[in-house]
Amino acid sequence: MENYLTRLEMLYGKEKVGILKRSRVAVFGVGGVGGYAVEALARSGIGSLDIFDNDTVSVSNINRQIIATSETVGKLKTEVERERILIINPGCTVNAQPVFFAPDTLELFNFSQYDYVVDAIDFVTGKILLAVECEKAGVPIISAMGAGNKKRPELLEIADVYQTSVCPLARVMRRELKKRGVKGLTVVYSKEPPSAPLFSDGEKAPPASSCFVPACAGMIIAGKVINDLVGEKY
């Protein structure tokens, strides 16, 4: 088969693509944001991907998650993602674990083995813990802030969490990370004020979502990871 990375090699050169093939990246959460990040990482030849998510595909995921289809509903997201990665990049080493990252599962993880960590989970305690543990291990991490209730993907940007504004999740992260002495955290966030979800029958609605905002956030994350790994400066 023709080398599927030929066009990438034309852009970065064989040496840098070789770095990607030797890199190991962990992605926590493979939903709307994380699924698209994994897609780009797999298509860019990352040699080893560790993916963590304890959820199953639901019908409500189909509007925004790349692995969600009528055929994958009810299946573990990690298993669906593992199969997709290997179809795209058969040479990739995939470690797919249906694990919920939290303080009580922390002992299962060794962050020092990773070249980069992607945080695409929506559990605030877990996001804080990931930032703390990666700083301890000296491993670069990029964290997704709120992509729900947003309509304008062009307002997404990369920044240090302490330089963010508007995003409610980023505000919580700033406060909690400062308490824990975390010096910095690279994030993808939006300055778009979140829209209020429409309510149905008086019940509180979950976060509203589009396909394009989470997808663009995931692609921005993957771009940052890839360019950092090969030493491209922004």
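Per-structure values
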item: Search result, residues across region 72-125 that are of a type outside the set (A, V, I, L, M), farther than 27 Å from residue 20 by Cβ and in a helix (DSSP H, G or I); result: 103, 104, 105, 107, 125
item: Flag for residue 134 being within 22 Å of residue 31 (Cα to Cα), without any contact (Cβ under 8 Å) to a residue 24 or more places away in the chain and not aliphatic (A, V, I, L, M); result: yes
item: Search result, residues across region 118-168 that are within 20 Å of residue 36 (Cα to Cα) and in contact with a Leu (Cβ under 7 Å, 6 or more places away or on another chain); result: 119, 141, 143, 145, 146
item: Within region 1-39, tally of residues that are part of a helix (DSSP H, G or I), hydrophobic (A, V, I, L, M, F, W, C) and closer than 17 Å to residue 80 by Cβ; result: 3
item: Selection within region 40-62 - assigned to a strand (DSSP E or B) and touching a Leu at 6+ places or on another chain (Cβ under 7 Å); result: 49, 56
item: Of all residues making up region 1-31, the number that are touching an Asp or Glu at 6+ places or on another chain (Cβ under 6 Å), of a type in the set (A, V, I, L, M, F, W, C) and closer than 14 Å to residue 231 by Cα; result: 1
item: Within region 126-156, tally of residues that are surrounded by fewer than 19 Cβ atoms within 10 Å (Cβ to Cβ), touching a Phe, Trp or Tyr at 6+ places or on another chain (Cβ under 7 Å) and outside any helix (DSSP H, G or I); result: 2
item: Pairs where the first residue, in region 220-234, is touching a residue at least 24 places away in the same chain (Cβ under 8 Å) and the second is among the β-branched types (Val, Ile, Thr) and surrounded by 20 or more Cβ atoms within 10 Å (Cβ to Cβ), C-beta under 6 Å, 6+ apart; result: 220/188; 221/118; 221/142; 221/188; 224/142
item: For residue 43: the one exception among (1) in contact with a strand residue (DSSP E or B) (Cβ under 8 Å, 6 or more places away or on another chain); (2) surrounded by fewer than 16 Cβ atoms within 10 Å (Cβ to Cβ); result: (1)
item: Cβ pairs under 7 Å, 6+ apart, first in region 101-125 and in contact (Cβ under 8 Å) with a residue 40 or more places away in the chain, second assigned to a helix (DSSP H, G or I) and among the β-branched types (Val, Ile, Thr); result: 116/225; 118/221; 118/225; 120/33; 124/172
item: Counted residues, region 21-57 - those being under 15 Å from residue 88 (Cα atoms) and of a type outside the set (D, E, K, R); result: 13
item: Residues located in region 164-183, provided they are assigned to a helix (DSSP H, G or I), surrounded by 13 or more Cβ atoms within 10 Å (Cβ to Cβ) and not basic (Lys, Arg); result: 169, 170, 172, 173, 176, 177
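Residue-by-condition table, conditions (1) more than 23 Å from residue 63 (Cβ to Cβ); (2) touching a residue at least 40 places away in the same chain (Cβ under 8 Å):
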residue: 147; (1), (2): no, yes
residue: 150; (1), (2): no, yes
residue: 153; (1), (2): no, yes
residue: 161; (1), (2): yes, no
residue: 165; (1), (2): yes, no
residue: 177; (1), (2): yes, yes
residue: 183; (1), (2): yes, yes
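Readers should treat all values here as calculations from the given coordinates under stated rules, not as data from a laboratory. All values reported here derive from a predicted model rather than from experimental measurement. Here the Cβ is made from the backbone with ideal geometry for all residues, glycine too, and neighbour counts use every protein chain on show.
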